[in-house]
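Visitor: Handing you this structure, nothing more for now.
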Amino acid sequence: MSRIPPDLTYTRSHEWLRSLPDGSVEIGISDHAQEQLGDLVFIELPQVGRRLAAGEACAVVESVKAASDIYAPIAGTVLATNEQLTQAPELVNRDPYGGGWLMRLKPAQAESHAALMSAQDYSAFAEEG
Amino acid sequence: MLALLGVRDIEALFDEIPASLRSGELAGIGPGLSEQQLMQLMRERAAADGAPLCFLGAGAYEHHIPAPVWSTITRGEFYSAYTPYQAEASQGTLQSIYEYQSMMVSLTGMQVSNASLYDGASAVAEACLMAVRANRRSQAARILWPRTLHPHYRQVALTTAAGQGLSFQSLDYDPVSGQCVLPQLAPDEDVTALVIAQPNFFGVLEDVNALTDWAHARGALVIAVVNPISLAVLSAPGQWGSRGADIVVGEGQPLGCPLSSGGPYFGFMTTRLQFVRQMPGRIAGRTLDLDGRPGFTLTLQAREQHIRRAKATSNICTNQGLLMMAGTLYLALMGPEGLERVAQACMARTEELVQALCRLPGVRAALSGARFHEAVLQLDRPAGPVLQALAARGILGGLDLGAQYPELGAALLVCATEMRSSEHIERYAQALGELLRAAPTPVPSGPIDRTVSA
């Protein structure tokens, strides 16, 4: 049974989004996703400053058996990426909602994540999968 | 089965291929030849090639191949080995790929190599596509390359990159030295990569340090296109300028591969570790198995199309295993000293050839730049008929440069490798001398040399 923190919102492509106090958002992949992918060996993150559209492929996570695209849950500009992941991609497996965060975005519009799934909806969605 | 597929006949399965590309029947060859008849036919056809004395280079070079290369290569274990997908059943193949990669890294002064590509031309195309992916700063997908990069390499890259949004700009060469001339660009013009050919198509050596530093100062990556034999005497691309080249490619044919009327050959590609995930082609890596014992396997496969599909670095999912093996054996047998001797012999022979031919009235060396093992010679009459007459005397005199470089006038690209002895060179000089004396020249545009003897 994978963890799904209730205070985050989720996408159908298994990304999570956390609103930060300063108005920016933090993004990562869910516990379910990291479990499915297996041990991650490499993460390719976007350049800081890049503008993303909602749903745009913006990163790649590579495990021993697959390489998966990560999609921006909302439109925004990349403020920061988790540089620790270059040396330690396994952080995403060990701590997908904390130390395994992928990037922080400045949202293009406020409250744009209202369209994302709640933890409850994501739980139901992930169960079906 | 045809009925099941709902197809009227076998031919209908080939409907997608345009009629203009279908070869139809083989002219003059009846159906159902016996093995004996076929062998006879092939022998007669092969003999038609003759065995001319070769002074032709232009991308493929005749070198001595030590006997153990092909006696080893034709062993069944190497000759018919398939791609080593299953590591536990392919340690020999994988180890030989790893040895090849190690040698190419050492030869080019870079950090990682792939398992080889199809040939030099497609390797250049792949390098351009790779540079566009790897240069994250650049948005332009714009490649600068010299006109003195092999014309076939440019043509293949244009064909390959046509659908991928790359643009290519040609750089001219200095008509006196034959070296590449850098363009005047606005300071903010976005260049993704600069291709440097060393030696260039004319055999001339470029100022690679200046070119490399110019490119890097503009935020462009450097793609080095090099002759592997020349690397025994020239500085390795990893040492060019203050940072070294970023991607190194070239034609591997000179390493243990016979001319074979144009192929098969192999292309090599090496790069820096930071770009390894953008590199196309197979990569063999060394690792430990479950019991902690060393072994080899294909690695970084998430770049390749069987995992990444449309987002793979390339559609290549193979390597030129047999020819790569020939190259590896050649390098192992020759060693650094042997390779250096081959390179120096080639340079000396070419110098000897140029001297011998330029002694003839009506022949002059066109370019003043230092050269490796090829030279451009200008004649006092069209090159085509001269080459034909030489061919009739069993001499491949060189390449007519008229089609690709008309500004050079009547010009030949000549080459002498370590395979051309002084006797061979004397034979060429004699034959050319006779031809030039026997036929009248066209009216000269400059002062007539009245000292020419009849």
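Visitor: Which of the GluC sites (Glu not before Pro) found in the range A:55-120 are loop residues per DSSP with 16 or fewer other Cβ atoms within 10 Å of their Cβ?
Guide: A:56, A:83, A:111
Visitor: For chain B, I need the span (max minus min coordinate) of the C-alpha atoms along each principal axis, in Å, sorted largest to smallest.
Guide: Principal-axis extents of chain B (Cα, largest first): 81, 67, 47 Å.
Visitor: On to the next question. Would you mind giving the mean number of other chain beta-carbons within 10 Å of the Cβ of each residue in A:61-74, as a whole number?
Guide: Across the residues of A:61-74, the mean count of other-chain Cβ atoms within 10 Å is 2.
Visitor: To continue, here is another question. So if we plug the beta-carbon distance of residue B:102 and residue A:127 into 1/(1 + (r/R0)^6) with R0 = 56 Å, what FRET efficiency do we get, rounded to 0.05?
Guide: FRET efficiency, residue B:102 to residue A:127: 0.65.
Visitor: Here is a follow-up. Take residue B:155 and residue B:407, extend 7 Å from each Cα along the Cα→Cβ direction, and tell me the distance between the two endpoints in nm.
Guide: 2.1
Visitor: Distance from a point 7 Å along Cα→Cβ of residue B:70 to each backbone N in the range B:309-330: keep the residues under 20 Å and list them by number.
Guide: The answer is B:320-330, whose backbone nitrogens lie closer than 20 Å to the label point.
Visitor: Can you give the calculated 222 nm mean residue ellipticity of chain B, where each DSSP H run of n ≥ 4 adds -39,500 (n - 2.57) and the sum is split over every residue, rounded to the nearest 500 deg cm²/dmol?
Guide: Calculated mean residue ellipticity at 222 nm is -10500 deg cm²/dmol.
Visitor: While we're looking at this one, here's another question. Give me a comma-separated list of calculated 3J(HN,Hα) values for the range B:309-320, in order, Karplus coefficients 6.51, -1.76, 1.60 applied at θ = phi - 60°, integers in Hz, x for any Gly or Pro.
Guide: Per residue, the Karplus-derived 3J(HN,Hα) values read 6, 5, 9, 5, 5, 6, 8, 6, 9, 7, 9, 8 Hz.
Visitor: Full-extension gain between residue B:169 and residue B:82, please, as 0.36 nm times their residue separation minus the C-alpha to C-alpha distance. Mind dumping the intermediate values first?
Guide: Values: separation 87, 0.36 × 87 = 31.32 nm, distance 3.93 nm.
Net length gain for the segment: 27.4 nm.
Visitor: Treat the count of other C-beta atoms within 10 Å as a stand-in for reagent exposure and order A:97, B:61 from fewest to most.
Guide: A:97, B:61
Visitor: Taking the Cβ of residue B:178 as the centre, find all other residues whose Cβ is under 10 Å away and add up their charges (Lys, Arg: +1; Asp, Glu: -1).
Guide: Net charge in that neighbourhood comes out at -1.
Visitor: If the viscosity is 0.692 mPa s and the temperature 37 °C, what translational diffusion coefficient in µm²/s does Stokes-Einstein give for the protein assembly as shown when Rh comes from Kirkwood over Cα pairs? Don't skip to the answer; put the middle values down first.
Guide: Numbers: Rh = 27.7 Å.
Calculated translational D: 119 µm²/s.
Visitor: Which whole-Hz couplings ³J(HN,Hα) result when phi for each residue of the range B:188-199 is put into the Karplus expression 6.51 cos²θ - 1.76 cosθ + 1.60, θ = phi - 60°, listed in order with x for Gly and Pro?
Guide: For the range B:188-199, the Karplus-derived couplings read 9, 5, 8, 10, 7, 7, 10, 9, 10, 9, 9, x Hz, x marking Gly and Pro.
Visitor: Which ³J(HN,Hα) values in Hz, rounded to whole numbers, follow from the phi angles of the range B:76-92 under the Karplus curve 6.51 cos²θ - 1.76 cosθ + 1.60, where θ = phi - 60° and Gly and Pro get x?
Guide: x, 4, 9, 5, 10, 5, 9, 4, x, 5, 9, 4, 5, 9, 9, 4, x
Visitor: If you don't mind, another one. State the three equivalent ellipsoid semi-axes of the range A:9-107, derived from the C-alpha gyration tensor as the square roots of 5 times its eigenvalues, in descending order and whole Å.
Guide: Three semi-axes, in Å: 20, 13, 13.
Visitor: Take B:64, A:14, B:373, B:152 and order them by how many other Cβ atoms sit within 10 Å, fewest up front.
Guide: Listed from fewest to most nearby Cβ atoms, that is B:64, B:152, A:14, B:373.
Here, each number is a calculation from the coordinates, and none is a lab measurement. The structure displayed is predicted, hence computed values, not measured ones. With ideal geometry, Cβ positions are generated from the backbone for all residues, glycine too; neighbour counts draw on all protein chains shown.
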